[in-house]
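Below is one structure, written out as structure tokens; the observations come after it.
Values quoted throughout were computed directly from the atomic coordinates according to the rules given, and no laboratory measurement underlies them. Just so we're clear, the structure is a prediction, and the values are computed from it rather than from any experiment. Here the Cβ positions follow ideal geometry from the backbone for every residue, glycine too, while neighbour counts run over all protein chains shown.
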Amino acid sequence: MDNITHSLTGALLAKYIEARPTAPEEKRMYRRTFFWLFALSANIPDIDVLFGVFDGPLSSIKYHRGITHSLLFSPLFALFPAAAFLAFSKVKNIRLLWIVALLGIVVHIFFDLITPFGTQILSPLSETRYALDWMFIIDPFFTLILVLGLAAGKLVPTKARIITSVSVAIVTLYVTAAAFNQSVARIMVREAAGKQGIQWTRISALPQPLSMFSWQGLVQTEQGVWQTFFSVFDDAPIHFKEFPHALDGVIANTVEDPDLRWYLTFARHPSVRGYREGDRHVVEFRDLMFSVNEELLQSLGFAERSLPFVLAYQYDGAGKLLEVRFDGEVVKR
């Protein structure tokens, strides 16, 4: 999920905590400290984007949502913001500060987990990227709910407790509805693949932008990937477009490359294609998971969108590797 939404989610839940009834002896400074600590901690896992700044183009996906998004390490990471607030705030209860920081980090991990990108919640014991696929990584309607909830609480402070409670309830209902739609969409993809006799190895139903009812269906096979875009309200039969893997001797030369081996652990629905570019033979690996319905983009007035996270190998006429590119940037020669 994008950092603006993470910040807003952290702020809304922090407001919810702040607005809870407190014992008479508890000072207001406790609630304000917890608010800022929670809001800060809800963004801390994304410090991993700094890890790969000087480590080449692949770092954009290699490090993101790794160790800092691990549920196993979250108690350790929560110590750092808790210690900082212990040193610079008036609250001197490290246990309470740690609990609030931990809650903020876990909330961040959860809202990343419900998107398709993949989150290594068991790192470093496992590099598996888990994803619930409930919501698109940027959901303006979800973000709007957060903005309205925070704004209403600010405008009507006397009703802040009620407003934040209602806002949190609406957020919960929205996420629950998205989860339900995903389960329906996955069933539809699986049934359509079965009716068309597709021998699949993996099936995914992935959310599309601007509507929790619009989905992308992907069916992985040994020979390639089958793709479809549909709505859970559409009664028409689902039709797939096939992306068969290119097969030739040049492609076989790439399988031992360490970057490719890592990329294939990241890509959920990899598609392989080969083509000529001048006197070069290009072997390109794409993850169709990141596709967006072109008809939707055109209806919104956007130009055709190129897939992100493309790993391309360029060979000369004799099959010698010339260079490797990731998203157009040279990884190695």
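Distance between the modelled labels on residue 299 and residue 279, one decimal in nanometres: 4.8 nm (7 Å Cα→Cβ projection).
Against the 2.2 N^0.38 Å scaling, with N counting residues, where does segment 178-333 land? I'd like the Cα-based Rg ratio to two decimal places.
Working: Rg = 17.2 Å, N = 156, 2.2 N^0.38 = 15.0 Å.
The value comes to 1.15.
Projected onto planes of every orientation and averaged, the convex hull of the alpha-carbon atoms in segment 110-260 covers 12.5 nm². Amide H to amide H, with H built 1.01 Å from N, residue 121 comes under 5 Å of 130, counting only residues 5 or more places away or on other chains. Under the criterion of Cα pairs below 8 Å and six or more residues apart, the relative contact order for segment 245-333 equals 22 percent.
Using only alpha carbon pairs under 8 Å that are at least six residues apart, calculate the relative contact order of the chain and give it in whole percent. Can you show the working numbers first?
On the way: 562 pairs, mean separation 38.4, N = 333.
About 12 percent, as a whole number.
Check cross-link reach from residue 15 to the aspartates and glutamates: straight Cα distance under 19 Å, and skip same-chain residues fewer than eight apart. Answer for residue 15, where 19 Å is the Cα cut-off: 26, listed by chain and number. For residue 320, the lysines whose Cα falls under 28 Å of its own Cα, not counting residues fewer than eight places away in the same chain, are 62, 332. Could you please state, rounded to a whole Å, how far the C-alpha centre of segment 211-229 is from the C-alpha centre of segment 251-289? Taking the Cα centre of each part, segment 211-229 and segment 251-289 sit 19 Å apart. By other beta-carbon atoms within 10 Å, ranking 176, 221 with the fewest at the front produces 176, 221.
Phi-derived couplings, Karplus 6.51 cos²θ - 1.76 cosθ + 1.60 at θ = phi - 60°, listed residue by residue for segment 171-188: 4, 4, 5, 5, 5, 5, 5, 5, 5, 5, 4, 5, 5, 5, 4, 5, 4, 5 Hz, with x used for Gly and Pro.
With 20 Å bins beginning at zero, the pair-distance distribution over Cα atoms of the chain amounts to 26, 51, 20, 2, 0 %. Using Cα centres only, tell me the gap between segment 64-115 and segment 133-164 in whole Å. Using only Cα atoms to place each centre, the spacing works out to 22 Å. Under 16 Å of direct C-alpha separation, and excluding same-chain neighbours fewer than eight residues apart, residue 154 reaches these aspartates and glutamates: 18.
Calculate the translational D of segment 245-333 in whole µm² s⁻¹ from Stokes-Einstein, where the hydrodynamic radius comes from the Kirkwood formula applied to all Cα pairs, the temperature is 4 °C and the viscosity 1.567 mPa s.
Details: Rh = 14.0 Å.
Using the Kirkwood radius from Cα pairs, D works out to 92 µm²/s.
Compute the acute angle (0 to 90°) between the alpha-carbon long axis of helix 28-41 and the principal axis of greatest extent of the alpha-carbon atoms of the chain; round to the nearest 10°. Its long axis makes an angle of about 10 degrees. For segment 3-132, the spherically averaged projection of the C-alpha convex hull amounts to 8.6 nm².
When 295, 242 are ordered from fewest to most other Cβ atoms inside 10 Å of their Cβ, what list results? Display every interim value, and only then the final one.
Numbers: 295 9, 242 12.
The fewest-first ordering by Cβ neighbours comes to 295, 242.
If I fit a long axis through the Cα atoms of helix 94-113 and take the longest principal axis of the Cα atoms of the chain, what angle between them do I get, 0 to 90°, rounded to 10? For 94-113 against the chain, the angle is about 30 degrees.
Working note: Karplus 6.51/-1.76/1.60 with θ = phi - 60° gives segment 318-328 the couplings 8, x, 8, 5, 9, 6, 10, 10, 10, 6, x Hz, where Gly and Pro are set to x.
In the chain, the longest principal axis of the Cα atoms and the axis of helix 3-18 are about 30 degrees apart. For segment 141-225, the C-alpha radius of gyration divided by 2.2 N^0.38 Å, with N the number of residues, is 1.60.
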